[in-house]
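The values are calculated or read from the model by the stated rules, or taken from the named source; none is laboratory data. These numbers were taken from a predicted model, which means no experiment stands behind them. Positions of Cβ are backbone-derived with ideal geometry, glycine not excepted, and every protein chain shown enters the neighbour counts. Remember, those area values only see protein heavy atoms, side chains included, never the ligands or the DNA or RNA. Shrake-Rupley method; radii C 1.70, N 1.55, O 1.52, S 1.80 Å.
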Amino acid sequence: MSDLDQVTLNAGEKSVVLPVIKPTLGNDCVDISKLTKETGYFTYDSGFTATASCKSAITYIDGDKGVLLYRGYPIEQLSEKSSYVEVVYLLINGERPDAAQLKAFNEELAAEATVDASINTLIGSFAKDAHPMAILTAAIAQLSGIYHASLDLADAEQRRKAAVRLIAKVPTLSALIYRHGKGLPANTPDTSLDYVSRFLKQTFEAADGSYELNQDVVKALDLLFILHADHEQNASTSTVRLVGSTGANPYASVAAGVTALWGPAHGGANEAVLKMLEEIGSADNVESAVVKAKDKTSGFRLMGFGHRVYKNFDPRAKVIGEMTGKVLKQLGVQDPLLDVAVKLEQAALQDEYFVARKLYPNVDFYSGIIYKALQIPTEMFTVMFALGRTSGWVAHWLEQQVDPEMKIGRPRQVYTGSDVRDYQG
Ligand code: CMC
């Protein structure tokens, strides 16, 4: 990066000196906040491809090198040595917990895991085949119905408590949503278990209260949650921040984040990948799928491929890709879709179209195959993403609340409508 500490922008007869902000890591940023005041010009950047919307110390991505750091720690090291709950603590507090802090945090999450009975009524009011993301959005909004009145956003401890509540309760909501879809009775989380085991048991518990925990499954899910925990200013996190910037409570902000995650260009891609692999059906059809994905008139994209930021490889996809075969083997699952996925990845990585556009498998490419092996239904995949991502959303919401530069998010536009005209008649 250059060592400029300011840039000069000439706008007709006016000229403005704009300061350059130096991040700890990554590209320097030109601070344009005074541009409009001094020149009358706005900037236009559809999709925010060149715009930083905030300062953040949580997550760093180098898309050219395939680097992802949570609070400075490489994702590969966290995946190997850490646990999801430790990562959550790290994201929201900035430092790793010691053993006593981790134990206390696990206990706090367990104590907050139960949900109000009104949630069961709400979930029960949805049709059994309603999309789980619709129910999750409503259930999180319901939390704001329960906790909003007593929440003082100026109180740091109350903010922290709200964040912990969300992280603790989203798995419970997810389990209840799964059970509703399957016509199973609502149940309560087993607070004697760890975070991931608690979710698994509540989800799959039989009528007599039994569920045999498989440590390979617990480990695989824990790793998937670590990989999904945060990803700096992606669409859903930016949504949480935008809603949060209005002073809305964290439950409302996170409910909005869930809706943003749902889209197939974002978290909904994991569901779309599995449907795509099922449609392709066999390794023999891979070539024609690649041809179709390159044809802009087909309306078909290779789901689980490409990323706005990663232009080399997605380090999360690398970890998931490596674990997929292992998990299937551990569980004794033989899934022909894995062969389709491997062949598809190979074909795309050798294809000039994908190479030229730097399109690589992303985090969603293999995650669905693992979720399927863990017996999680396809329509629940994006809920699983939301479950892991809740920690990132609340970490960003907490950070935003104490950011002295935080303002309500209010972008401008390039107006392309009619000129002023008189109402006739
Ligand atoms: N299949 C075929 N062509 C693609 C794909 C794809 N998956 N992704 C991008 N392209 C092409 C696109 O048509 C364009 O071609 P051209 O330059 O000829 O017009 C070029 O690559 C650049 O694409 P873009 O849409 O301008 O890139 P973007 O940064 O706006 O979009 C993306 C990024 C992730 C939305 C996009 O790659 C995509 O739609 N991928 C499939 C959906 C997906 O897997 N999403 C999950 C993202 S990772 C998890 C998450 O963060 O939620």
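Points to keep in mind about this one:
- Taking Leu277, Leu184 and ordering them by how much accessible surface each has at a 1.4 Å probe, largest first, produces Leu184, Leu277.
- Over all other residues within a Cβ to Cβ distance under 13 Å of Lys318, the charged ones net out to -3, with Lys and Arg as +1 and Asp and Glu as -1.
- For the chain, the convex hull spanned by the alpha carbon atoms encloses 203 Å³ per residue.
- Cross-linked pairs Lys103/Lys329; Lys65/Lys343; Lys296/Lys343: Cα-Cα separations exceed 27 Å for Lys103/Lys329.
- Cα shape, the range 41-107, gyration tensor, a/c 1.5 rule: prolate
- The range 28-41 - phi-based ³J(HN,Hα) in whole Hz, Karplus 6.51/-1.76/1.60, Gly and Pro as x: 4, 10, 7, 7, 9, 4, 9, 4, 5, 4, 8, 10, x, 8
- Normalised contact order of the chain, rounded percent, pairs of Cα under 8 Å and 6 or more residues apart: 20 percent
- Solvent-accessible area per residue in the chain equals 50 Å², computed with a 1.4 angstrom probe and all protein chains kept.
- Spatial separation of Cα centroids for the range 180-247 and the range 303-319, in angstrom: 24 Å
- The range 63-140 and the range 31-55 have Cα centres separated by 33 Å.
- Potential extension, Thr24-Asn285 segment - 0.36 nm per residue separation minus Cα distance: 89.3 nm
- Only helical runs count toward this figure. For the chain, summing -39,500 (n - 2.57) over DSSP H runs of n ≥ 4 and dividing by all residues gives -16000 deg cm²/dmol at 222 nm.
- Summed residue charge, Cβ within 15 Å of Glu86's Cβ, Lys/Arg positive, Asp/Glu negative: -3
- A straight chain from Phe48 to Ala154 at 0.36 nm per residue would run longer than the Cα-Cα distance by 35.1 nm.
- Cα shape, the range 243-377, gyration tensor, a/c 1.5 rule: oblate
- Here the Gaussian network model covers the chain, with springs between Cα atoms less than 10 Å apart; of Ala127, Ala373, Ala252, Ala127 fluctuates the most.
- For the set Tyr84, Tyr423, Tyr211, solvent exposure ranked by accessible area (probe 1.4 Å, protein chains only) runs largest to smallest as Tyr423, Tyr211, Tyr84.
- Figure note: Lys81, Lys103, Lys275, Lys372 ranked by solvent-accessible area, largest first, 1.4 Å probe, ligands and nucleic acids not counted: Lys81, Lys103, Lys275, Lys372.
- Cα gyration tensor category, rounded, prolate or oblate, for the range 110-219 with a/c compared to 1.5: oblate
- Distance from the C-alpha centroid of the range 351-404 to that of the range 255-296: 13 Å, rounded to the whole angstrom.
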